[in-house]
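**Q** Take a look at this one; I'll ask things after.
The values are calculated or read from the model by the stated rules, or taken from the named source; none is laboratory data. Remember, predicted model here, so these are calculated numbers, not experimental data. Cβ coordinates were reconstructed from backbone atoms using ideal geometry, including for glycine residues, and neighbour counts include every protein chain displayed.
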Amino acid sequence: MRYKTHIVSSLTLGAGLSIILSYPFHIAYVIGISFGSLLPDIDEPKSFIGRRSFGIANYVKNRYGHRGVTHSIFAWILVSLISFIYLSPLTVGISLGYFFHLLGDFFSVRSIPVLAPFNTDYAKPPFAYKTGSLTEDILLYIFTFLLFYFVFILGQLHIYLVQSTAELIVSTVHILFELLHIINSL
């Protein structure tokens, strides 16, 4: 999948979970899902996240290859363990976004080595799409429609999203004023 399809499909699945589990669709959750949905591609220097990784992607690709260990359940479990040690809407989102990325790539023609590094065989999904194909474009449009439906109509998640964003802005401004006060008093 291309990065935009990973982000939109992951946000759609995350919004669906928010509705089903009554989990707050917090701005930190949305940011976490978005980041987590890109994170497995840290093994590809030409990926969206790889081009912004300050060389980390080059190291990971040289060491493990693209769609290697970073595209496995093992890597997701490690990310999830770290995320749940520092439990917050952001870290829950990162874990979910990572998992949704793996799910999306599992159904691509190339698939993923689900059990890497213990077994590097690539899974064979029952049906597959080709990355960058018309099929992926159609999936992107379907997920985009569903995301808007979940956020604005079915779950009315936009209300909590706007509220949490406003709270984040207010607290950030408050922190900035506190820092300015401290700097001025020096």
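**Q** Can you pull out every residue in segment 70-98 that is touching a residue at least 40 places away in the same chain (Cβ under 8 Å), among the hydrophobic types (A, V, I, L, M, F, W, C) and more than 18 Å from Ser47 (Cβ to Cβ)?
**A** Ile73, Phe74, Leu90, Val92, Leu96
**Q** Just to be sure I understand, how many residues within segment 129-147 are of a type outside the set (Val, Ile, Thr) and surrounded by fewer than 14 Cβ atoms within 10 Å (Cβ to Cβ)?
**A** Pass one, segment 129-147, residues of a type outside the set (Val, Ile, Thr): 129-130, 132-134, 136-137, 139-141, 143, 145-147.
Retained after the next criterion (residues that are surrounded by fewer than 14 Cβ atoms within 10 Å (Cβ to Cβ)): 130, 132-134, 137, 141, 145.
Summing the residues that are of a type outside the set (Val, Ile, Thr) and surrounded by fewer than 14 Cβ atoms within 10 Å (Cβ to Cβ) in segment 129-147 gives 7.
**Q** Here is a list: Pro45, Pro40, Pro117. Which entry is under 17 Å from the mean Cα position of the chain (by Cα) and farther than 28 Å from Thr172 by Cα?
**A** Exactly one residue qualifies, and that residue is Pro40.
**Q** Applying the selection to segment 9-68, what residues are of a type in the set (D, E, K, R) and at positive phi?
**A** Result: Arg67, single match.
**Q** I've got another one for you. Being modelled with pLDDT of 95 or more, farther than 22 Å from Ala116 by Cβ and in contact with a Ser or Thr (Cβ under 6 Å, 6 or more places away or on another chain) is the requirement here; does Thr5 meet it?
**A** no
**Q** Would you be able to say whether some residue in segment 165-185 is closer than 25 Å to Pro45 by Cβ and free of Cβ contacts under 8 Å to residues at least 40 places away in the same chain? Can you show your working first?
**A** Step one: list which residues in segment 165-185 are closer than 25 Å to Pro45 by Cβ, which gives none.
Scanning segment 165-185, I find no residue that is closer than 25 Å to Pro45 by Cβ and free of Cβ contacts under 8 Å to residues at least 40 places away in the same chain, so the answer is no.
**Q** So, one more: Inside segment 1-72, counting only helices (runs of 4 or more DSSP H) that do not spill past its ends, which hold 2 or more residues that are of a type outside the set (A, V, I, L, M, F, W, C) and surrounded by fewer than 18 Cβ atoms within 10 Å (Cβ to Cβ)?
**A** Numbers: elements: 3-21, 27-38, 56-64.
By residue number, 3-21, 56-64.
**Q** Just to be sure, is Lys124 basic (Lys, Arg), more than 18 Å from His6 (Cα to Cα), exposed (fewer than 15 other Cβ atoms within 10 Å of the Cβ) and in contact (Cβ under 8 Å) with a residue 12 or more places away in the chain?
**A** yes
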